[in-house]
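The numbers here are math on the coordinates, done by the rules we state, and not lab data. Here the structure is a predicted model, which is why all the values come from computation and not from measurement. Positions of Cβ are generated from backbone atoms using ideal geometry, with glycine treated the same way; all protein chains shown enter the neighbour counts.
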Ligand code: HEC
């Protein structure tokens, strides 16, 4: 009786472990459980040292200057804001201008706005990896082959040097970001809103 009992107990314990492991991922449906925790952590590190927040996170004014607004982190230039007024003559002469929280820009290329990188359907964190990789490697809007080129100052020509594993980590991390619905304005030339 004793010899039979131990193997049976082992089998029961092992199947309980298998059920609890598979059950956890399926229950939460959380992307972080599908991508490994190490991959997401590496992505967080790369996003931090890659200073994505500088341009992609709206900021609030703090005692020492602009501070990231945690509610809107990495959601791009907020579409609820008026378009900042840039000096078009200065921009045309080559002077680059930033708004107060570095989320919109004017330069010889026109006026551009940082994009939403969160996991919302309006953000790059909701894209599949192939589109994300294409956007960074080829500088194409939404990561689509026939779309327009990404505008300055997005430094994709630096980020394109990241190996696939790093791009996968960044993508995995973006997928875990709090979704913020926001569609930043399309880039534009001078003469309309945003120029003076
Ligand atoms: C110096 C400013 C700046 C930095 C730093 C920056 N970006 Fe961007 N990024 C932009 C701007 C501006 C756009 C939008 C360009 C456009 O509309 O063509 C953009 C667009 C993108 C897009 C394409 C979005 C779309 O909808 O097509 C992705 C993806 C992206 N950035 C990811 C990143 C990641 C990841 C980092 C950090 C590793 C980063 N960016 C750092 C300015 C920046």
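Annotations for the structure displayed:
- Inter-label distance, nm, simple model (7 Å from Cα along the C-beta direction), residue 36/residue 176: 1.4 nm
- Residues listed by number, the range 43-58, amide nitrogen under 14 Å from residue 165 label point at 7 Å toward C-beta: 43
- Simple spin-label estimate for residue 186 and residue 48 gives 3.8 nm between the two label positions (7 Å along the Cα-to-Cβ direction from each Cα).
- Going from the fewest other Cβ atoms within 10 Å to the most, the residues 164, 54 appear in the order 164, 54.
- Neighbour counts of C-beta atoms inside 10 Å place 79, 126 in the sequence 79, 126, starting with the fewest.
- Average Cα contact separation per residue, the range 31-94, under 8 Å, 6 or more apart, as relative contact order %: 22 percent
- Sequence of 144, 150, 46 once ranked by neighbouring C-beta atoms within 10 Å, starting from the fewest: 144, 46, 150
- For the range 34-175, taking Cα atoms only, Rg and Dmax work out to 15.5, 50 Å respectively.
- The range 34-175, relative contact order in percent, only Cα pairs under 8 angstrom and at least six apart counted: 26 percent
- Sites residue 89 and residue 142, calculated FRET efficiency, Cβ-Cβ separation with R0 30 Å, nearest 0.05: 0.40
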